[in-house]
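J.: Take this structure, written in structure tokens, and hold onto it; I'll ask about it next.
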Amino acid sequence: VQLQAFGGGLVQAGGSLRLSCAASDGTFNGYTMAWFRQPPGKEREFVSVIRWSGGSTYYRDSVKGRFTTSRDNAKNTVYLQMNDLKPEDAAVYYCAAGRPILSAIRNDNMYYYWGQGTLVTVSS
């Protein structure tokens, strides 16, 4: 599965962006899809995840209530709607696909396939 993430850009604090992640040569069938981000000078961190069925989602605490992840399995696409963006949300955002167990769903080493990353810049 090859993933392509897009939708990043420059936005003012308080603004919104929607990231998309599409599978270019396969499907998401059965895969849990996650978003991670890497802020400048920091390690990659978990942002959100959605299970295959779409019924279960999990978020890092700092984005709860502001970010929403969803998926359209028919389109092989997963989304990250980001509202009320803050300067600390600025990062390169990556989508990833895997089949992690629930207890490890936030661990990036549980994901096999990664998109190339899309840059989100938030101005204050």
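The values are calculated or read from the model by the stated rules, or taken from the named source; none is laboratory data. From a predicted model like this one, the values you see are computed outputs, not experimental measurements. Don't worry about glycine lacking a Cβ; one is built from the backbone with ideal geometry, like all the others, and counts go over all protein chains shown. What goes into the accessible areas is simple: the full protein's heavy atoms, side chains included, and nothing from ligands, DNA or RNA. Shrake-Rupley method; radii C 1.70, N 1.55, O 1.52, S 1.80 Å.
J.: Residues to consider are Gly15, Gly26, Gly65; find the one that is without any contact (Cβ under 8 Å) to a residue 40 or more places away in the chain and in a loop (DSSP other than H, G, I, E, B).
T.: The unique qualifying residue is Gly65.
J.: Scan region 110-122 and give yes if some residue there is touching a residue at least 24 places away in the same chain (Cβ under 8 Å), hydrophobic (A, V, I, L, M, F, W, C) and within 18 Å of Tyr59 (Cβ to Cβ), otherwise no.
T.: Within region 110-122 (the criterion being touching a residue at least 24 places away in the same chain (Cβ under 8 Å), hydrophobic (A, V, I, L, M, F, W, C) and within 18 Å of Tyr59 (Cβ to Cβ)), the answer is yes, since at least one residue qualifies.
J.: Let me spell it out: the conditions are (1) more than 15 Å from Gly117 (Cα to Cα); (2) open to solvent by less than 20 Å² (accessible area, probe 1.4 Å), and Pro39 meets all of them except one. Which number is the exception?
T.: (1)
J.: When region 18-52 is examined, which residues are found to be at pLDDT 90 or above and over 15 Å from the mean Cα position of the chain (by Cα)?
T.: Passing the criteria: Pro40, Gly41, Lys42, Glu43.
J.: Can you tell me how many residues in region 93-124 are of a type outside the set (Phe, Trp, Tyr), surrounded by 18 or more Cβ atoms within 10 Å (Cβ to Cβ), touching a Leu at 6+ places or on another chain (Cβ under 9 Å) and under 23 Å from Gln2 (Cα atoms)?
T.: Number satisfying all stated conditions: 6.
J.: Would you mind telling me which numbered condition in (1) over 20 Å from Gly8 (Cα atoms); (2) within 15 Å of the chain's Cα centre (by Cα) Leu102 fails?
T.: Of (1) over 20 Å from Gly8 (Cα atoms); (2) within 15 Å of the chain's Cα centre (by Cα), only one is false for Leu102: (2).
J.: Now for a separate question. Just one of the numbered conditions (1) small (Gly, Ala, Ser); (2) closer than 18 Å to Arg106 by Cβ; (3) open to solvent by less than 20 Å² (accessible area, probe 1.4 Å) is not true of Ser56; which one?
T.: The failed condition is (3).
J.: If a residue must be outside any strand (DSSP E or B) and more than 14 Å from Val47 (Cα to Cα), how many such residues does region 94-108 contain?
T.: 5
J.: Let me ask you something else. Restricting region 1-12 to residues that are outside any strand (DSSP E or B) and over 15 Å from Phe67 (Cβ atoms), which is least open to solvent (accessible area, probe 1.4 Å)?
T.: Val1
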